[in-house]
Amino acid sequence: MTNPDVIIIGSGIGGATLASALAPTGRRILILERGEYLRPSSQDRDPKAIFGDGIFRPDEAWLDGEGQSFNPGNYYYVGGNSKFYGAALIRYRAEDFKPRQHMGGQAPGWPISYCDLEQDYTAAEQLYVVHGTVDEDPTEPPHSGAYPNLPVTDEPDIMDLRARLRRVGLSPASVPLGVDIERWLSAGQTTWDAFPNTCGGKMDAETCALAEALKHENVKLLISAPATKLLSDNEGHITGVEVDGHGTISAPLIVLSAGAVQSAALLLKSANDNRPTGLANGSDQVGRNFMNHNCSAVLALHPLRRNRSVYQKTLMFNDYYNDVGQGGAPLGNIQMLGKITGPILAAQTGLPGPIAAMIANRSFDFYAMSEDLPNADSRVTIDGDQIRLDWKRSNWEAHEALVAKLKQHLRRAGFPIVLSRPFDRRTPSHQCGTARMGNDPANSVVDPFCRSHDHRNLFIVDASVLPTSAAVNPALTIAALALRTGRHIIETEFAA
Ligand SMILES: Cc1cc2nc3c(=O)[nH]c(=O)nc-3n(C[C@H](O)[C@H](O)[C@H](O)COP(=O)(O)OP(=O)(O)OC[C@H]3O[C@@H](n4cnc5c(N)ncnc54)[C@H](O)[C@@H]3O)c2cc1C
């Protein structure tokens, strides 16, 4: 496409959702995507290939805070990380937008309220065809519209688990899910969490938002097109994007949505004589405040009870989300993991196959998730050409308390054996915060409509703008913010 009106860098949840919002305007929109399409392969449902050999992971090494090299679980395909996500599409709770005290420190709150984002949450749920209900979770914030579909049905053993959790005083609720369950299962009898979506059964950035955007002739996707640098002039106007293999491409409006780590890296790499610390970085906040949830897998077993579930991921509870019941600090969310099978457990732990199968056939697998707090020293930087991710985990005490509470309840619910293991620090699944939103240009990167404080023609619409991580999965909030930004762009940039 020559002379686009808008360039969007990245086709993940943020970029694709924004493209779907702008597409009906008829403006010429060029989406640059570093990766290629994820095509069906014989390994799509092969746990050893996915969890053991990591065949879908990138051929890329980052450095950690100690300078050790690691291969990150960060995916570069059309649709980005959502091609592998668990499709739990949950709203931040209203309380998450306000400042609040955690065990490990203070969460700063957002420059916008839950109400400011509510209509966009509703629209995002429509776009991603979410299955859910507002009637079960006491922490569910107000919805102006119903979910487009009823919740995905619990499998029989999860139905039994739901009743057990209720009996010990918890409030189990259905996870809002972007999954067409028949379609997913007809392509293979596995869960979808962390499995690649090549059958269209998962409602991800490619299958929903990008497909919607590409119905419009004025939208084009260029694949295998990594942006390597943003260019700016003396006045701070972004004048173009250098794209590997395609030279410099220019447009009046540039949108960055390469993911929280890659967007920060690109802004830092784009330093020039006028902006020696990188673009959009007058506040020195680009790359800082990196957050990723504190998560553990918690496996509950009874030696004589089997879990025959295939997907499992339909249940959550938020009894400790806002406090521990009688006041106290927030601890986090509990939801089911996609069902862990023997081969997955063997690939991830190195346990012999028969032992892994014996455990997995009985285990009910939970995902405990607690908020990570912003910290200026938790950051993405560039070391030569390489990304350094120095994640300083925070609020771990709240996570330990959450896991302890969960274990107590699971024992009372009839599971004498409860095992837990923190998630690998090198999997930045819920990365966010590295170009945070705020009113004050001195300590934030974008304004409340995701426009760069420093460059009027630059917007950022991926997870990097989230000022806090809350303790729920981020994708729906990223999508809602992108829709809100889309409306703002149409009103302020396309009005004439
Ligand atoms: C295994 C797994 C399970 C998850 N489960 C859930 C879940 O159940 N619910 C939930 O809400 N969230 C979940 N997440 C997180 C969720 O997937 C992400 O929060 C979300 O997809 C992030 O969207 P994004 O637009 O910020 O970035 P990304 O998804 O990272 O998209 C960025 C895009 O930009 C492209 N790109 C990168 N650099 C460049 C460049 N230089 N030039 C051009 N293109 C570039 C990438 O290839 C990618 O397509 C999960 C993540 C993983 C990995």
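Summary of values
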read-out	value
In order through the range 183-200: 3J(HN,Hα) via Karplus (6.51 cos²θ - 1.76 cosθ + 1.60), integer Hz, x for Gly, Pro	5, 4, 6, 5, 8, x, 8, 9, 6, 9, 5, 6, 8, x, 9, 10, 10, x
Cut-off 20 Å, label 7 Å out along Cα→Cβ of Asp385, residues of the range 255-272 by amide N	261-272
Within the chain: Cβ-based charge dipole about Cα centre, in debye rounded to nearest 20 (Lys, Arg +1; Asp, Glu -1)	1380
Only Lys, Arg (+1) and Asp, Glu (-1) charged, at Cβ; the range 365-449 dipole about Cα centre in debye	560
Nearest 10 degrees, 0 to 90: helix 114-127 Cα axis against the chain principal axis	80
Karplus-derived HN-Hα couplings along the range 160-175 (A = 6.51, B = -1.76, C = 1.60, θ = phi - 60°), whole Hz, x at Gly and Pro	5, 4, 4, 5, 4, 5, 4, 5, 9, x, 8, 10, x, 9, 7, 6
Total charge dipole magnitude, the range 354-496, about the Cα centre, Cβ charges on Lys, Arg, Asp, Glu only, Debye to nearest 20	720
Listed residues Phe56, Ser113, Met103: farthest to the positive end of the dipole of the range 1-117 (Cβ charges)	Ser113
J(HN,Hα) series, the range 306-320, from Karplus relation 6.51 cos²θ - 1.76 cosθ + 1.60, nearest Hz, glycine and proline x	9, 10, 8, 5, 9, 10, 6, 7, 10, 10, 8, 8, 10, 4, 10
Burial order of peptide ranges 235-246, 430-441 (average beta-carbon count within 10 Å, highest first)	430-441, 235-246
Helix-only [θ]222 nm of the chain, DSSP H runs n ≥ 4, -39500 (n - 2.57) each, per residue, nearest 500	-6500 deg cm²/dmol
Apportionment of accessible area to carbon and sulfur, the chain, percent (1.4 Å)	50
Using alpha-carbon coordinates, inclination of helix 353-362 to the longest axis of the chain, degrees	80
Within the range 282-311: backbone nitrogen closer than 20 Å to the Ile417 label point (7 Å, Cα to C-beta)	297-310
Distance from the range 451-496 to the range 174-212 (C-alpha centre basis), Å	25
In degrees, nearest ten, helix 475-492 long axis to first principal axis of the chain (Cα)	30
For peptides 486-492, 82-88, sequence by mean Cβ density within 10 Å, most packed first	82-88, 486-492
Highest average packing first - 270-276, 360-366, Cβ atoms within 10 Å	360-366, 270-276
Chain lengthening between Asp116 and Leu231 when straightened (0.36 nm per residue, less Cα-Cα)	38.1 nm
Per residue, in Å², the accessible surface of the chain once ligands and nucleic acids are set aside, probe 1.4 Å	37
Between the range 88-151 and the range 242-289, the Cα center-to-center distance that results, in Å	30
Antiparallel content of DSSP bridges confined to the range 92-247, in %, to 5	90
For Ile9, residues with placed amide H under 5 Å, excluding near neighbours	Leu32, Val255, Leu256, Ser257
Contour minus Cα-Cα distance for Asp377 and Glu397 (0.36 nm per residue)	5.3 nm
Filter on Lys48/Lys220; Lys339/Lys405; Lys48/Lys405; Lys48/Lys202; Lys215/Lys339; Lys48/Lys392 - keep pairs with C-alpha separation over 24 Å	Lys48/Lys220; Lys48/Lys405; Lys215/Lys339; Lys48/Lys392
DSSP beta bridge pairing in the chain, given as percent antiparallel to the nearest 5	70
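The values are calculated or read from the model by the stated rules, or taken from the named source; none is laboratory data. All of these numbers come straight from a predicted model, not from anything done at the bench. When we count neighbours, we look across all protein chains shown, and the Cβ atoms used for this are built from the backbone with ideal geometry, even at glycine. Please note that ligands, DNA and RNA were not included when accessible areas were found on the heavy atoms of the full protein model with its side chains. Shrake-Rupley method; radii C 1.70, N 1.55, O 1.52, S 1.80 Å.
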